[in-house]
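The values are calculated or read from the model by the stated rules, or taken from the named source; none is laboratory data. Here the structure is a predicted model, which is why all the values come from computation and not from measurement. Cβ coordinates were reconstructed from backbone atoms using ideal geometry, including for glycine residues, and neighbour counts include every protein chain displayed. Accessible surface areas use protein heavy atoms only, side chains included; no ligands, DNA or RNA. Shrake-Rupley method; radii C 1.70, N 1.55, O 1.52, S 1.80 Å.
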Amino acid sequence: QFPFGRRLPCDIYWHGVSFHDNNIFSGQVNKFPGMMETVRKITLSRAMRTMQDLFPLEYNFYPRSWILPEELPLFVAEVRMMKDRNPSWKPTFIVKPDGGCQGDGIYLIKDPSDIRLTGSIQSRPAVVQEYICKPLLVDKLKFDIRLYVLLKSLEPLEIYIAKDGLSRFCTEPYQEPTLKNLHQVFMHLTNYSLNIHSGNFIHSASVNTGSKRTFSSILCRLSSRGADVKKLWSDIISLVIKTIIALTPELKVYYQSDIPAGKPGPTCFQILGFDILLMKNLKPILLEVNANPSMRIEHEQELSPGVFENVPSPVDEEVKVAVIRDTLRLVDPQKKKRKDTPAGLPLHYPALLFFQACFSKETKETGEIMRHITDPIPCRRCQGVEQAPEAGEELPEAALPSLCLKQVFPKYAKQFSYLRLVDRVAALFIRFLGVKGTTKLGPTGFRTFIRNCKLSNSNFSMAAVDILYIDITRRWNSMGIDHKESGMCLQAFVEAFFCLAQRKYKSLPLHDQVASLIELCECRLAALRGKRLVWGCG
Ligand code: ADP
């Protein structure tokens, strides 16, 4: 724990739940500002919808979703329309409360009229989503995959994926949803926290049996059945990269607000938990992204009624220890120094590490893991071995297993860069935010954006600009979760930007409209900057 009153800065700060700026001016923090908010069910669904509007085929790995209560009429209308078009379509939907976790408050419905409107929807917004009825089954059971992803840096974007993950199994044989079985959570929901309470849950000491297994054991099994496991991995990698590309615009807005450029501040990294479902045809579907994935490597066992004991969980240990160990290896600030260290200077390993004092479950869990990681690594200084490494002597790093975290971005950047359109819209938004520390654009900022990009003309007066601003901002603020600041949030700006693009380039498809407007804005701002430089020189 970060000792109270400590003044010396740390190399790495490990926060329990979310980013909180306790006067950290240097080093690295294991959380990004705003990540919790960005991956909430509603915010994630909105970000994915924006990407689906721009790139429908590339983002078809996220189930069609509607936000309740505001999109209830749209949900009803769209389902009716699709049923009219295809009378044999018998869909099922899953309703998930926003901000919920561990399956809390989730239920399945067959028809929009089954949504439980009484009280809770108004006070607790939710996402309703198309239910994937034909998941891949193993041993007749539905399961999902928890993959660990390290977002090592936002600018430039750097993403790593753990080579192994967890597969969490249901505890009752799966049947496609019918009115009779809709409520059977042990059949339809894969959450560990739910299924652990089923009498059928199997704790196993082996990684390829039981109700929680390694993902690699599933891949082995699929491969032995002749499945194209390489293709599956490559689909999963592209799902992860595309999802993070959808999240980065919002994250950048939070980042500049909490850690303004030009001021001393830490850099951030974060381990994310991706929950993925495989369809029968092996297509991966994104269920959700977890900003605070559990790092527990033990589970509770009931010895006798009411008497519980924590026992090691080999499956969790195998996957999670490697993830944290390799995250530390990748962000290790000593690594760079070691590279630059002339022979003769003492080495100190592992990197100085402190937990930010924070009384959370996760801090304890991670502490438990940290002992596993740091114990076997000798620290020269602590052992009094303050001598220079002999020429050719291996660094302790070499004694560790090979990295389980695999870089996927920028490695595959070329294939995915064209998807980063909203990132460029966010860059315009941030440019006009003005006062540092804000996340919302005021009316003056919006007018300046329009003026500097020369988007107003005789057909689109500044009065019309103001109306557009007021209309969109009011609507977003009436349904927003964040009422702290007034003004236009990024997602509202993106909507306004799409409106402007549609107005300007009427006949083009949406993607081309938006891309053209971005180019126009960037071009005009660059010209303006050039002019100002010339005036400055003059
Ligand atoms: P929570 O954060 O409460 O765990 P999830 O979105 O992960 O919420 O959903 C809980 C479980 O419900 C998932 O683990 C999965 O088994 C099931 N599930 C969620 N969404 C879908 C879907 N669209 N289709 C099929 N099953 C789903």
Single unsatisfied condition, residue 52 versus (1) closer than 30 Å to residue 508 by Cβ; (2) part of a loop (DSSP other than H, G, I, E, B); (3) free of Cβ contacts under 8 Å to residues at least 24 places away in the same chain: (2)
Give just the number: which of (1) part of a strand (DSSP E or B); (2) closer than 23 Å to residue 48 by Cα does residue 292 not satisfy? (1)
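One line per residue, one yes/no per condition, for (1) within 9 Å of the ligand (Cβ to nearest atom); (2) open to solvent by less than 10 Å² (accessible area, probe 1.4 Å):
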{"position": "66", "(1), (2)": "no, yes"}
{"position": "69", "(1), (2)": "no, no"}
{"position": "85", "(1), (2)": "no, no"}
{"position": "104", "(1), (2)": "yes, no"}
{"position": "114", "(1), (2)": "no, no"}
{"position": "132", "(1), (2)": "yes, no"}
Among the listed residues 50, 118, which satisfies the condition of being at pLDDT 95 or above, more than 10 Å from the ligand (Cβ to nearest atom), among the polar types (S, T, N, Q) and open to solvent by 10 Å² or more (accessible area, probe 1.4 Å)? 50
Residue by residue through the range 188-225, note down the ones that are open to solvent by 10 Å² or more (accessible area, probe 1.4 Å), within 15 Å of the ligand (Cβ to nearest atom) and assigned to a helix (DSSP H, G or I). 192, 193, 194
First in the range 283-303 and in contact (Cβ under 8 Å) with a residue 60 or more places away in the chain, second anywhere and of a type in the set (S, T, N, Q) and assigned to a loop (DSSP other than H, G, I, E, B), Cβ under 7 Å, 6 or more apart: 297/313; 298/313; 299/313
Within the range 409-462, work out how many residues are part of a helix (DSSP H, G or I) and either modelled with pLDDT under 95 or out of contact with any Cys (no Cβ under 7 Å at 6 or more places or on another chain) (or both). 28
Counted residues in the range 152-173 being within 14 Å of the ligand (Cβ to nearest atom) and either assigned by the TED database to the domain that holds residue 423 or crowded, with 19+ Cβ neighbours inside 10 Å (or both) come to 7
Log entry, pairs with first residue in the range 179-202 being assigned by the TED database to the domain that holds residue 168, second being aliphatic (A, V, I, L, M) and more than 12 Å from the ligand (Cβ to nearest atom), beta carbons closer than 7 Å, six or more apart or on different chains, reads none
Report, by residue number, each residue of the range 271-289 that is surrounded by fewer than 22 Cβ atoms within 10 Å (Cβ to Cβ), more than 12 Å from the ligand (Cβ to nearest atom) and either under 10 Å from the mean Cα position of the chain (by Cα) or part of a helix (DSSP H, G or I) (or both). none
Filter result (out of contact with any helix residue (DSSP H, G or I) (no Cβ under 8 Å at 6 or more places or on another chain) and open to solvent by 30 Å² or more (accessible area, probe 1.4 Å)) within the range 428-441: 435
Checking the conditions here, which among 149, 127, 138, 95 is surrounded by fewer than 19 Cβ atoms within 10 Å (Cβ to Cβ) and touching a strand residue (DSSP E or B) at 6+ places or on another chain (Cβ under 8 Å)? 138
